[in-house]
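Q: Input: one structure, supplied below.
The values are calculated or read from the model by the stated rules, or taken from the named source; none is laboratory data. None of these values were measured; they are calculated from a predicted model. Note that we place each Cβ from the backbone using ideal geometry, even for glycine, and neighbour counts take in every protein chain shown. When the accessible area is computed, the model is the full protein with side chains, heavy atoms only, and any ligands, DNA or RNA have been set aside. Shrake-Rupley method; radii C 1.70, N 1.55, O 1.52, S 1.80 Å.
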Amino acid sequence: MKILGIESSCDETAAAVVEDGRKVLSTVVASQVKVHHPYGGVVPELASRAHIEKITGVVKQALEAAGIDKTALDAVAATQGPGLVGALLVGFSFSKAFAYGLGLPFAGINHLEGHIHSVFLTEDPPPFPFVALLASGGHTSIYEVQSCSRMTLLGQTLDDAAGEAYDKVSKMLGLGYPGGKVIDRMAAAGDPDRIAFPRSYLDRDRFDFSFSGIKTAVKRYIEDHPESRTNQVNDIAAGFQEAVVDVLVEKLMRAAADRRCRHVAMVGGVAANRRLRERLGAEADRLGLRLHIPPVSLCGDNAAMIAAAAYHRVQAGQRESLGAEVYCRGKVPAAPWPCWDARRLGCQEA
Ligand code: KG4
Ligand code: ZN
């Protein structure tokens, strides 16, 4: 079964064709970094316009790269939420029209569910159940994944997401947007022990996070040491990153022990971080756990994960009505799928 996936929840316009929920036939991501860079962050209105400009070309490219005609597709899926409403609307409306025109089933996918499904696009997907850390620009959460459609939220950030902290620290250091990749690079040349930033482990028995304290600590450090923005950038980046990585690794490992899972996974844009991948790998080895992380190309927003998540729904005969609407963070889809509660994936009732 070949599914065309479309993702437009934030600042990437993406399309992909995935076969049987596992085999990526193509994945195309058009980044809007250049559009938002001058503003130091994503400007929602500019994101929507850029999606409109790019979407047709990106879908064409995805079909061409997969070597198929649109008539060979079996279903179409798009991110329904959460995300920027205007941005979501572009991909979601396009997908509904595309599916309707071709007479194909259509599936609306939760973005977070999509990220978790990126781990099934690896050579060595984890068996159920497993514990997954989802760390992106908008979310930092830990789930126990019991099946393709059953995921239980164990904990999440109470304030900033890990990726958001990376982006804000990057801005403070004058390194621009998006910040994760550049901090990752600067930190590799810095000393992680030279400046100690706070680790917020919160309640030891819970799996919630808080990243606002470390962000404020970095801000204070820069204010107290104005020269540090020129001569200590690498060390600040390394010290900040080490503190974030310590907390993420510790909480994920604790969750795995609590749920007695031998398999752990990490997904989302922050999962591309080299130090985090290295530290998590070492800790998993030490504890005898198997770690599953998608390739870097599938950590950030992409449409292959959306098509992968759709496979199980479409196969089970679940269809989204063409009257369905996107949701930013508020509303969940009108008819929650059996065995799957969108609210557990981070959405709340409006
Ligand atoms: O999953 P994603 O592409 O979009 C959201 O759903 O938010 O994640 C984007 C986030 C951004 O905050 C970005 O700075 C962060 O992932 N990120 C990284 C790295 N690459 C991207 N953070 C740390 N290290 C990286 N190498
Ligand atoms: Zn994402």
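Q: Check GLN156, GLN146 and return the single one that is more than 13 Å from VAL270 (Cβ to Cβ), in a strand (DSSP E or B), touching a residue at least 24 places away in the same chain (Cβ under 8 Å) and open to solvent by 50 Å² or more (accessible area, probe 1.4 Å).
A: Sole residue among the options that is more than 13 Å from VAL270 (Cβ to Cβ), in a strand (DSSP E or B), touching a residue at least 24 places away in the same chain (Cβ under 8 Å) and open to solvent by 50 Å² or more (accessible area, probe 1.4 Å): GLN156.
Q: Please go through the range 43-75 and give me each residue that is of a type in the set (Val, Ile, Thr), open to solvent by less than 50 Å² (accessible area, probe 1.4 Å) and more than 16 Å from ALA304 (Cα to Cα), ordered by number.
A: If the condition is that a residue be of a type in the set (Val, Ile, Thr), open to solvent by less than 50 Å² (accessible area, probe 1.4 Å) and more than 16 Å from ALA304 (Cα to Cα), then VAL43 is the only one that fits.
Q: Pull up the range 28-38, narrow it to residues that are touching a residue at least 60 places away in the same chain (Cβ under 8 Å) and away from ligand 2 (no atom under 14 Å from the Cβ), then point me to the one that is surrounded by the most Cβ atoms within 10 Å (Cβ to Cβ).
A: Filtering the range 28-38 for residues that are touching a residue at least 60 places away in the same chain (Cβ under 8 Å) and away from ligand 2 (no atom under 14 Å from the Cβ), the one surrounded by the most Cβ atoms within 10 Å (Cβ to Cβ) comes out as VAL28.
Q: Would you mention how many residues in the range 277-302 are away from ligand 2 (no atom under 16 Å from the Cβ) and either more than 18 Å from THR122 (Cβ to Cβ) or not in a loop (DSSP other than H, G, I, E, B) (or both)?
A: 15
Q: Just one of ILE183, ILE214, ILE222 is within 30 Å of THR152 (Cβ to Cβ) and modelled with pLDDT of 95 or more; which is it?
A: ILE214
Q: All but one of (1) more than 24 Å from THR122 (Cα to Cα); (2) touching a helix residue (DSSP H, G or I) at 6+ places or on another chain (Cβ under 9 Å); (3) away from ligand 2 (no atom under 16 Å from the Cβ); (4) not aromatic (Phe, Trp, Tyr) hold for GLY57; which doesn't?
A: (2)
Q: Name the residue that is farthest from the chain's Cα centre (by Cα), counting only residues in the range 202-228 that are basic (Lys, Arg) and surrounded by fewer than 18 Cβ atoms within 10 Å (Cβ to Cβ).
A: Of everything passing the filter in the range 202-228, ARG220 is farthest from the chain's Cα centre (by Cα).
Q: Scanning for something surrounded by fewer than 16 Cβ atoms within 10 Å (Cβ to Cβ), assigned by TED's automatic domain parsing to the domain that holds PRO198 and away from ligand 1 (no atom under 15 Å from the Cβ), does the range 231-238 turn up at least one residue?
A: Yes: the range 231-238 contains one or more residues that are surrounded by fewer than 16 Cβ atoms within 10 Å (Cβ to Cβ), assigned by TED's automatic domain parsing to the domain that holds PRO198 and away from ligand 1 (no atom under 15 Å from the Cβ).
Q: Related question: Being within 16 Å of ligand 1 (Cβ to nearest atom) and of a type in the set (S, T, N, Q) is the filter; apply it to the range 294-324 and report the residue that is most open to solvent (accessible area, probe 1.4 Å).
A: SER297
Q: Tell me yes or no: at least one residue of the range 170-181 is within 14 Å of ligand 1 (Cβ to nearest atom), of a type in the set (Lys, Arg) and either without any contact (Cβ under 8 Å) to a residue 60 or more places away in the chain or in contact with a His (Cβ under 8 Å, 6 or more places away or on another chain) (or both).
A: There is no residue in the range 170-181 that is within 14 Å of ligand 1 (Cβ to nearest atom), of a type in the set (Lys, Arg) and either without any contact (Cβ under 8 Å) to a residue 60 or more places away in the chain or in contact with a His (Cβ under 8 Å, 6 or more places away or on another chain) (or both).
Q: Is it true that LEU175 is surrounded by fewer than 24 Cβ atoms within 10 Å (Cβ to Cβ) and either more than 16 Å from ligand 2 (Cβ to nearest atom) or closer than 21 Å to PRO198 by Cα (or both)?
A: Criteria met by LEU175.
Residue-by-condition table, conditions (1) of a type in the set (Gly, Ala, Ser); (2) assigned by TED's automatic domain parsing to the domain that holds GLU250:
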| position | (1), (2) |
| --- | --- |
| LYS96 | no, no |
| ALA99 | yes, no |
| LEU102 | no, no |
| ILE109 | no, no |
| LEU133 | no, yes |
| GLY137 | yes, yes |
| THR140 | no, yes |
| TYR143 | no, yes |
| CYS148 | no, yes |
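Q: So, one more: For ALA14, are the conditions met, namely being within 16 Å of ligand 1 (Cβ to nearest atom), open to solvent by less than 10 Å² (accessible area, probe 1.4 Å) and at pLDDT 95 or above?
A: For ALA14, the condition - within 16 Å of ligand 1 (Cβ to nearest atom), open to solvent by less than 10 Å² (accessible area, probe 1.4 Å) and at pLDDT 95 or above - is met.
Q: How many residues does the range 90-139 contain that are open to solvent by less than 10 Å² (accessible area, probe 1.4 Å) and part of a helix (DSSP H, G or I)?
A: 12
Q: If you check GLU144, GLU164, GLU113, which single one turns out to be among the acidic types (Asp, Glu), within 16 Å of ligand 1 (Cβ to nearest atom) and either touching a helix residue (DSSP H, G or I) at 6+ places or on another chain (Cβ under 8 Å) or closer than 30 Å to ILE3 by Cα (or both)?
A: GLU113
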